[in-house]
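> So that we are looking at the same thing, I have put the structure below in structure tokens.
The values are calculated or read from the model by the stated rules, or taken from the named source; none is laboratory data. Keep in mind that what you see is a predicted model, and the values were worked out from it rather than measured. A quick note on method: Cβ atoms are made from the backbone with ideal geometry, for glycine too, and the neighbour counts reach across all protein chains shown. Heads up: the accessible areas ignore ligands, DNA and RNA and are worked out on the full protein's heavy atoms, side chains in. Shrake-Rupley method; radii C 1.70, N 1.55, O 1.52, S 1.80 Å.
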Amino acid sequence: NGGDGTGSSLKMGTRGNAQMGNMFGLARDPTNSDLVVTIWGRNCALRVTEYGSVASFVGARMWPTTDYNHAGIEGIGLQSRIGEKPYGVAVDSSGTAYTNANCMVRATPGASVSIVIGRQVGPPATCAVGYAEGGIGTSRVKTPANMAWKSSTELVFADYGNHVIRQLDTSTDVTTLV
């Protein structure tokens, strides 16, 4: 179902009655064949099963209101936030999703969200932007975008706002490749 034509439709459900507007990131979960989809204007990630059912994953508690930024970025399940306007998404071999707005966040299969690149500032809750290499929690990015796994622990992504390609080692730090 294409929604209402505005690009902002969002409705959980099964094949034929679910609606998703402003889809930006898409990745397959290798543990169960679900798709993880980031919704740019709704600040959330959804799971779509192989049968076409759409269910909220993280950051969906506020629907249908438009006040998305007053809560913190980290948290559990629908009480969590993944940052403002998530771009890309990648899912590792354990089913943990990584997505990015002006932070990079990790969402476990149990929907526990934590920041791995950047730090939260606010209110309203958003991420501090900039350019800094270093350890998880001290590094900074500016509008990270598309992502791909280089190895089981190395996630490569475009740091669009800084015009570089960066690498996150999921256990240690962030470095610039190009």
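> Please enumerate the residues belonging to segment 167-178 that are of a type in the set (A, V, I, L, M, F, W, C) and surrounded by fewer than 18 Cβ atoms within 10 Å (Cβ to Cβ).
Hits for segment 167-178 are LEU177, VAL178.
> Does segment 156-166 contain any residue that is surrounded by 13 or more Cβ atoms within 10 Å (Cβ to Cβ), in contact (Cβ under 8 Å) with a residue 12 or more places away in the chain, within 14 Å of ALA90 (Cβ to Cβ) and of a type in the set (Asp, Glu)?
no
> Here's something else I'd like to know. In segment 125-150, what residues are in contact with a Ser or Thr (Cβ under 6 Å, 6 or more places away or on another chain) and open to solvent by less than 40 Å² (accessible area, probe 1.4 Å)?
Of everything in segment 125-150, just one residue is in contact with a Ser or Thr (Cβ under 6 Å, 6 or more places away or on another chain) and open to solvent by less than 40 Å² (accessible area, probe 1.4 Å), namely ALA132.
> Moving to a separate point now. Anything in segment 118-151 that is farther than 22 Å from CYS44 by Cβ, assigned to a loop (DSSP other than H, G, I, E, B) and hydrophobic (A, V, I, L, M, F, W, C)? List them, or say none.
Hit for segment 118-151 is ILE136, nothing else.
> Say whether the condition of being closer than 19 Å to ASN43 by Cβ, among the hydroxyl-bearing types (Ser, Thr, Tyr), at pLDDT 80 or above and open to solvent by less than 30 Å² (accessible area, probe 1.4 Å) is met by at least one residue in segment 98-117.
Yes, segment 98-117 contains at least one residue that is closer than 19 Å to ASN43 by Cβ, among the hydroxyl-bearing types (Ser, Thr, Tyr), at pLDDT 80 or above and open to solvent by less than 30 Å² (accessible area, probe 1.4 Å).
> If you take the residues of segment 31-87 that are in a loop (DSSP other than H, G, I, E, B) and on the phi > 0 side of the Ramachandran plot, which of them is modelled with the highest pLDDT?
Here the residue is SER33.
> In this structure, does THR153 turn out to be within 24 Å of ASN22 (Cα to Cα), among the β-branched types (Val, Ile, Thr) and open to solvent by 10 Å² or more (accessible area, probe 1.4 Å)?
Considered against the rule, which asks whether it is within 24 Å of ASN22 (Cα to Cα), among the β-branched types (Val, Ile, Thr) and open to solvent by 10 Å² or more (accessible area, probe 1.4 Å), THR153 comes out as no.
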